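See below for the structure under consideration.
The values are calculated or read from the model by the stated rules, or taken from the named source; none is laboratory data. The shown structure was predicted, so the numbers you read here are calculated from the model rather than taken from an experiment. As a convention, Cβ positions derive from the backbone with ideal geometry for all residues, glycine included, and neighbour counts pool all protein chains shown. Note: accessible area is taken over every heavy atom of the protein model, side chains too, but ligands, DNA and RNA are not part of it. Shrake-Rupley method; radii C 1.70, N 1.55, O 1.52, S 1.80 Å.
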Amino acid sequence: MQTTPLQANAVQPRPVLDRLPKYAAGKPPAPIEGLTSYKLSSNENPLPPIPAVLDAIREYAGIFRYPDPLSTALRGALSEHLDVPAEDIVTGAGSLGALTQILNTFAGQNEDGVQDEVVYAWRSFEAYPIVVGTAGARAVEVPVLDDGRHDLEAMAAAVNERTTVVVLCTPNNPTGPILRTDEVERFIAAVPRNVLVVIDEAYTEFVRDDDAVNGIEMYRKHPNVAVLRTFSKAHGLANLRVGYSITRPEITAHLRVIATPFAVSTLAERAAIASLENADAVAERVESLVQERRRVVSGLAELGWEIPETQGNFVWLKLGEAAADFAAYAATHALSVRAFAGEGVRVSIGEPEANSRFLEICRNYPTKPRLSK
């Protein structure tokens with residue numbers, strides 16, 4: 001069937017859609033004869049959920065019923081697990097869903113046509129500009145430092161009277177570094193109290209740096225802090241879409257008005273609760289991935305590769321214009337990685353064999369990134 005260009009009187013999308021980047025999910029690897037293919041292009045947990053979670057999924061047959069829109073049982077379990085009031089928790093479809101609810105509540109276009117502004121580091125999570133734009137707000141992107149860290153001084157300077165939300169990603173996806181407690185304290189003190197500071201901690205379970213900021217401690221101390229967390233990474237529930245925000249009751253009261261009803265299914269809720277009830281088993285699996293991360297980081301250093309310090313379940317290769325070429329080279333070895341054109345390549349920590357193959361690829365690839373001092 002032939003299509004014709006949209007006419008002036010045809011149904012049109014919002015103009016902002018033409019200005020938004022397209023989200024590019026990690027692609028699976030192409031099969032190569034004689035090689036097991038591995039997908040390292042998405043920050044997924046390569047291990048399945050723990051057995052207790054799989055049992056909870058198999059045993060639930062109530063998918064013909066609507067879920068509890070407030071995820072009451074999960075919020076109760078999180079309250080006990082994190083020692084925070086259940087009323088301070090709002091669930092969403094992953095941490096991105098929880099962030100979208102925050103932006104739709106506190107950032108957009110005012111009645112006088114002036115856009116609110118949302119400040120975040122860049123490069124960071126590639127969905128940020130999309131959800132900021134669809135909320136109707138203006139994205140203010142502050143370049144990360146050469147070592148992949150947030151430039152918090154520049155971010156604080158970017159805050160003005162139109163700023164309503166700032167997003168801090170720690171560890172930063174895709175570059176890897178964490179934010180430290182002292183620098184976040186200084187940042188919060190430097191921004192107005194009516195600006196909501198969102199601390200995105202999607203990878204918090206992988207952090208092993210004692211100086212890393214703890215978002216929940218910041219939320220306890222500062223009424224304008226919100227924390228994002230998820231079951232997609234450490235808990236291995238990426239497909240079930242379970243995330244949440246934690247913030248003060250005077251903020252959650254507004255979030256519940258905007259929150260998407262039934263965003264978290266009962267199946268997902270039960271799986272998440274089972275994972276929390278077996279936190280030690282989850283922690284063991286996470287530690288095995290942290291040990292693999294250390295092996296990969298050490299291996300890259302031995303090969304002469306310089307990378308930002310990473311505390312996530314991934315590493316960042318600052319390859320610049322060679323990013324796409326490296327991804328293509330990895331693909332010839334049945335390994336998919338996530339290239340950001342002209343910037344670098346993010347490689348998730350996967351199965352031991354996949355990680356070893358990645359290191360071998362790096363051994364043979366001629367271009368090695370260097371971080372300026």
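When each of the peptides 105-113, 197-205, 235-243, 45-53 is scored by how many other beta carbons lie within 10 Å of its residues on average, the order from highest to lowest is 197-205, 235-243, 45-53, 105-113.
Say the cut-off is 32 Å between C-alpha atoms; which of 221/318; 233/318; 39/221; 22/368; 22/318 go over it?
Values: 221/318 36 Å; 233/318 23 Å; 39/221 40 Å; 22/368 29 Å; 22/318 22 Å.
In this structure, 221/318; 39/221 lie more than 32 Å apart at Cα.
Using a probe radius of 1.4 Å on heavy atoms only, what accessible surface per residue do you get for the chain? Whole Å² is fine. Present the calculation step by step, with values, prior to reporting the outcome.
Details: 17320 Å² over 373 residues.
Averaged over the residues of the chain, the accessible area is 46 Å².
For the chain, the 222 nm mean residue ellipticity estimated from helices alone, with every DSSP H stretch of n ≥ 4 adding -39500 (n - 2.57) and the total spread over all residues, rounds to -11000 deg cm²/dmol. What separates the Cα centres of segment 177-207 and segment 218-263 is a distance of 15 Å. The listed peptides 31-42, 346-357, ordered by packing as a protection proxy, come out as 346-357, 31-42 (highest mean of other Cβ atoms within 10 Å first). Ligands, DNA and RNA left out, the 1.4 Å accessible surface of the chain is 53% carbon and sulfur atoms. Residue separation of residue 306 and residue 294 scaled by 0.36 nm, minus their Cα-Cα distance, works out to 2.9 nm of gained length. For segment 237-367, the Cβ-based charge dipole about the Cα centre amounts to some 320 debye (Lys, Arg positive; Asp, Glu negative; other atoms uncharged).
So which trypsin sites (Lys or Arg not before Pro) in segment 169-217 pass both tests, a DSSP loop state and at most 14 other Cβ atoms within 10 Å of the Cβ? Answer by residue number: 193, 208. If the segment from residue 145 to residue 12 were pulled out straight at 0.36 nm per residue, it would be longer than the present Cα-Cα gap by 43.9 nm.
For the chain, the Cβ-based charge dipole about the Cα centre amounts to some 760 debye (Lys, Arg positive; Asp, Glu negative; other atoms uncharged).
Sequentially through segment 37-53, phi angles give Karplus couplings (6.51, -1.76, 1.60; θ = phi - 60°) of 7, 9, 9, 10, 9, 10, 7, 9, 7, x, 9, x, x, 5, x, 4, 5 Hz, Gly and Pro residues having no value and appearing as x.
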